[in-house]
Amino acid sequence: MTSLSSQLPLSTSSMLFRNLLTTTCLQRYFFSHHQRKLLSINKKPILEKPSFTRPIHSYRVLSMADKQTISPPAQSHTNRLALEHSPYLLQHAHNPVNWYPWGEEAFEEAKKRDIPIFLSIGYSTCHWCHVMEVESFEDERVAKLLNDWFVSIKVDREERPDVDKVYMTYVQALYGGGGWPLSCFLSPDLKPLMGGTYFPPEDNFGRPGFKTILRKVKEAWESKREVLVNSGAFAIEQMSEALSASASSNKLTSDVVQNALRLCAEQLSQRYDSKLGGFGSPPKFPRPVEIQLMLYQAKNLEEAGKLNESKKHLEMVYFTLQIMAKGGIHDHIGGGFHRYSVDDYWHVPHFEKMLYDQGQLVNVYLDAFTITKGTFYSNVARDILDYLRRDMIGPEGEIYSAEDADSAESEGATRKKEGAFYVWTSKEVESVIGEYANLFKEHYYIKPSGNCDLSKMSDPHKEFKGLNVLIERSDASAMASKFGMSKNEYFDVLGACRNKLFDVRSKRPRPHLDDKVIVSWNGLVISSFARASKILMGEPEGTQFSFPVVGCNPEEYLEVASKAASFIKRQLYDDQTKRLQHSFRKGPSKAPGFLDDYAFLIQGLLDLYEFGGGTNWLSWAIELQDIQDELFLDHEGGGYFNTTGEDSSVLLRVKEDHDGAEPSGNSVSVINLVRLSSMVASSKSEKYRRNAEHVLAVFEKRLKDMAMAVPLMCCAADMLSVPSRKQVFLVGPKPSLEFHDMISASHASYYLNKTVIHVDLTNKEDMEFWEKNNENIAQMAKGSPAADKVVAFVCQNFTCSAPVSDPEALRTLLDRKPSRK
């Protein structure tokens, strides 16, 4: 998620400071033009695309990446950030800027000195955050201006997404774009005065540099303070009103439910790139919620007998998933996916790797596999999971957050460059691979001059001249024939070559690892590991795996999911208060759990249970749902707030709906409530459904007017409308091969409107749980025809099938056309 100045109009900074020249202009700027934007903010999606593009404009300061240092040459300065645990804050602990962490000490200092606050928000793997640090925050002259005129606060947006949300929303509302680093000036009582993102240090190309901006803000504070403060207060008031809407009724109108899914699919189809895949123009982000919606709608169309329409939706999805996996956005040597592609070919990426991308992408590739049974998709899912197991999991099962885009080109180098760890010269490939170098180079479009030439957007400033980002542009069957090999032999050769390059790459200086553990992101990945453990059991016997895919028994993935969940429960959950903390690094963070932490973890726990885990995970999910409702639910107005509202320094309490790089907590919560309602007894089930209906009612206008902004919420609305969710009910001894086979069969088909419940009569914990939460299930288990083997019932519309004990018979039952009556 790199940020740029280019996400704002070229004239934004200049315009802003022209407006600081006179009180009249300033009042007109804030109270007229931006009032309209603030009032309409809830009507438009906050898109990440304009915010994080690699610079492609002439005013970009050239070769900024070349200026980055790996570490400060000498620790001549130490500030308060040295006492923090966040990797991002620690990166700035030796700047000459007198940084404060977010907290009362900084706020009181600003009030005592009667000066504004400079707030800088970023994260440890953010390329342009590093650039601004080197250019400005390590500069003694800039530091003196900041220290003399401002109280400077540094925030890790991954550690405090609540703080980031307030000021990012402000910048996006005013300027139509945003990104990181986020640079915002605040009054001592934390009202925003003005903001932007990355600023170069010096004036250039008609744009003010950071030092000029600091001087202008100081002058405005001294001469136009009242107008600045009033405008900031007005902005917060308008944003609060727009982003915490209440529902006018307790449920969606039926026409919205019927149309939202169709409307979203139509809007995405109109944006589909039929030549190169994806649903939009470059820079291209792998937004998995779009794929989820298209697959879900395709299934609905198939059930309605609209097979041609369903096929069109599926073709868009399959082509997009294939071309993404073949592109440079996919790390062919080490596995996993980079954040986004700067061009339309999915070729040259921004090289950071984010955990939330990996988890969501695994799930959509798994979904494609369940529909097609094509091992291409299962192989990509394994590729990502095996990357996470190798590089992103800590000693206690905790899963880390991200890997940086930047690294040194060689050991001992004092500068970092973006992509240095991942790119290759043609000669390097030849020397490492040897015999099969020509085959490999042709397969991955490797050229002596470098291959970042597919689009003008790929490398506009020739930073990758002579360098290659691996991309598959050759048909494997044709290439195998050309080199006189079978397809399997050809894939074996490619795998062996990748392994050789991996070994060489492993000796390069690695990108920075952000080893912070974030509950919400771990929840997403717990879900993907759990699902993979059973879905991948459906791979054909003898499926071939090649490096970097390990080819392990899929059951190992369930153990990974369980260990990650156990770490969170042990380190980030308070048994007394039943509350979560947001993140962990050398101990829990000060930040409490946010809505996304609860919602995403509950989703992961439900998948962990439904895909074979114990009822302890389901019990914890119910417990977390209860505390989520207590802390975040607007019981009168409907919807979930993103925070508890207990921290007075966070000025906005938002009801988030946008399904972007990450799904919204409200969308995931509705699906969680639907799933839970199908597991528990009637009174609690009805409560869950009422809450889900009320949540959706808050966002009715969004679903009606801008469905493409909320694809997962569209799916959630449809799931809630299904009158009778299909239930797969398994009874029998769990620690058995039969159980694993039957639960794998339960998940062999793509159908999201089903719940899998499994009970072991001999397991005391199982029986106590169901007797407490759903006596009907306990009684049904006790009436099972055979206690010594696993049997399955498929139930819908208050009717259950005859029991079956054969996995193939269960698959046949589940493949029958479901009923929506």
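Quick look at the values:
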quantity: Residue identified as at pLDDT 95 or above, β-branched (Val, Ile, Thr), surrounded by fewer than 24 Cβ atoms within 10 Å (Cβ to Cβ) and assigned to a helix (DSSP H, G or I) among Val549, Val493, Val525; calculated: Val493
quantity: Residues being surrounded by 14 or more Cβ atoms within 10 Å (Cβ to Cβ) and in a loop (DSSP other than H, G, I, E, B) - total across region 552-585; calculated: 7
quantity: Condition broken by Asp760, with the remaining ones in (1) without any contact (Cβ under 8 Å) to a residue 40 or more places away in the chain; (2) open to solvent by 20 Å² or more (accessible area, probe 1.4 Å) satisfied; calculated: (2)
quantity: Pair list, Cβ < 7 Å and 6+ apart or interchain, from region 558-576 residues that are within 13 Å of Trp617 (Cβ to Cβ) and aliphatic (A, V, I, L, M) to residues that are at pLDDT 95 or above and assigned to a loop (DSSP other than H, G, I, E, B); calculated: Leu558/Phe611; Leu558/Gly612; Leu558/Gly613; Ala564/Gly397; Ala564/Glu398
quantity: Count of residues meeting criterion [touching a residue at least 12 places away in the same chain (Cβ under 8 Å) and in a loop (DSSP other than H, G, I, E, B)] in region 473-490; calculated: 3
quantity: Residue list for region 446-485, restricted to those being crowded, with 17+ Cβ neighbours inside 10 Å and more than 33 Å from the chain's Cα centre (by Cα); calculated: Met479, Ala480
quantity: Residues of region 214-234 satisfying the condition of being small (Gly, Ala, Ser) and under 39 Å from the mean Cα position of the chain (by Cα); calculated: Ala220, Ser231, Gly232, Ala233
quantity: Selection from region 169-189 of residues that are modelled with pLDDT of 95 or more, open to solvent by 10 Å² or more (accessible area, probe 1.4 Å) and in contact with a strand residue (DSSP E or B) (Cβ under 8 Å, 6 or more places away or on another chain); calculated: Pro188
quantity: Residue in region 706-721 that is polar (S, T, N, Q) and touching a Phe, Trp or Tyr at 6+ places or on another chain (Cβ under 9 Å) present; calculated: no
quantity: Single residue of Tyr365, Tyr356, Tyr318 found to be open to solvent by less than 20 Å² (accessible area, probe 1.4 Å) and within 30 Å of Arg811 (Cα to Cα); calculated: Tyr365
quantity: Out of Glu302, Glu290, sole residue that is open to solvent by less than 40 Å² (accessible area, probe 1.4 Å), charged (D, E, K, R) and in a helix (DSSP H, G or I); calculated: Glu290
quantity: Members of region 105-127 found to be closer than 14 Å to Tyr88 by Cβ and either polar (S, T, N, Q) or open to solvent by 10 Å² or more (accessible area, probe 1.4 Å) (or both), listed by number; calculated: Ser120, Ser124, Thr125
quantity: Evaluation of Leu90 against (1) of a type outside the set (D, E, K, R); (2) open to solvent by 50 Å² or more (accessible area, probe 1.4 Å); (3) modelled with pLDDT under 50; (4) outside any loop (DSSP other than H, G, I, E, B) (one fails), failing number; calculated: (3)
quantity: Residues that are surrounded by fewer than 23 Cβ atoms within 10 Å (Cβ to Cβ), touching a Phe, Trp or Tyr at 6+ places or on another chain (Cβ under 9 Å) and not in a helix (DSSP H, G or I), drawn from region 251-277; calculated: Arg271, Tyr272, Asp273, Ser274, Leu276, Gly277
quantity: Test for Ser506: is it within 29 Å of Ala408 (Cα to Cα), loosely packed, with under 14 Cβ neighbours inside 10 Å, hydroxyl-bearing (Ser, Thr, Tyr) and out of contact with any Pro (no Cβ under 7 Å at 6 or more places or on another chain); calculated: yes
quantity: Tabulated pairs, region 639-650, first closer than 12 Å to Leu243 by Cβ, second acidic (Asp, Glu) and assigned to a loop (DSSP other than H, G, I, E, B), C-beta under 6 angstrom, 6+ apart or interchain; calculated: Asn642/Glu656
quantity: Some residue of region 659-681 being farther than 19 Å from Val756 by Cα, without any contact (Cβ under 8 Å) to a residue 60 or more places away in the chain, open to solvent by less than 10 Å² (accessible area, probe 1.4 Å) and of a type in the set (Asp, Glu); calculated: no
quantity: Test: residue in region 433-444 that is open to solvent by 50 Å² or more (accessible area, probe 1.4 Å), touching a Leu at 6+ places or on another chain (Cβ under 9 Å) and at negative phi; calculated: yes
quantity: Test result for Gly206, on the phi > 0 side of the Ramachandran plot, open to solvent by less than 10 Å² (accessible area, probe 1.4 Å) and not aliphatic (A, V, I, L, M); calculated: no
quantity: Residues being in contact with a helix residue (DSSP H, G or I) (Cβ under 6 Å, 6 or more places away or on another chain) and either open to solvent by 10 Å² or more (accessible area, probe 1.4 Å) or of a type in the set (Asp, Glu) (or both) - total across region 509-520; calculated: 1
quantity: Subset tally (residues that are within 20 Å of Val560 (Cβ to Cβ) and part of a strand (DSSP E or B)) for region 349-391; calculated: 2
quantity: Number of the exception - Glu435 against (1) in a helix (DSSP H, G or I); (2) modelled with pLDDT of 95 or more; (3) not β-branched (Val, Ile, Thr); calculated: (2)
quantity: Answer from Ser240, Ser231, Ser248, Ser244 - the residue that is exposed (fewer than 14 other Cβ atoms within 10 Å of the Cβ) and under 30 Å from Lys655 (Cβ atoms); calculated: Ser248
quantity: Qualifying residue in region 149-165 (condition: surrounded by fewer than 20 Cβ atoms within 10 Å (Cβ to Cβ) and over 29 Å from the mean Cα position of the chain (by Cα)); calculated: yes
quantity: Residue in region 263-282 that is of a type outside the set (Ser, Thr, Tyr), at pLDDT 95 or above, out of contact with any Gly (no Cβ under 6 Å at 6 or more places or on another chain) and on the phi > 0 side of the Ramachandran plot present; calculated: yes
quantity: Single condition Leu633 does not satisfy, out of (1) buried (at least 23 other Cβ atoms within 10 Å of the Cβ); (2) closer than 30 Å to Ala233 by Cβ; calculated: (1)
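To keep it simple, each residue is scored yes or no on (1) on the phi < 0 side of the Ramachandran plot; (2) in contact with a Gly (Cβ under 6 Å, 6 or more places away or on another chain).
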position	(1), (2)
Arg585	yes, no
Gly593	yes, no
Leu601	yes, yes
Leu606	yes, no
Gly612	no, no
Trp617	yes, no
Glu623	yes, no
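The values are calculated or read from the model by the stated rules, or taken from the named source; none is laboratory data. No experiment lies behind these values; they were computed from the predicted model shown. Positions of Cβ are generated from backbone atoms using ideal geometry, with glycine treated the same way; all protein chains shown enter the neighbour counts. Note: areas computed on protein heavy atoms with side chains; ligands, DNA, RNA excluded. Shrake-Rupley method; radii C 1.70, N 1.55, O 1.52, S 1.80 Å.
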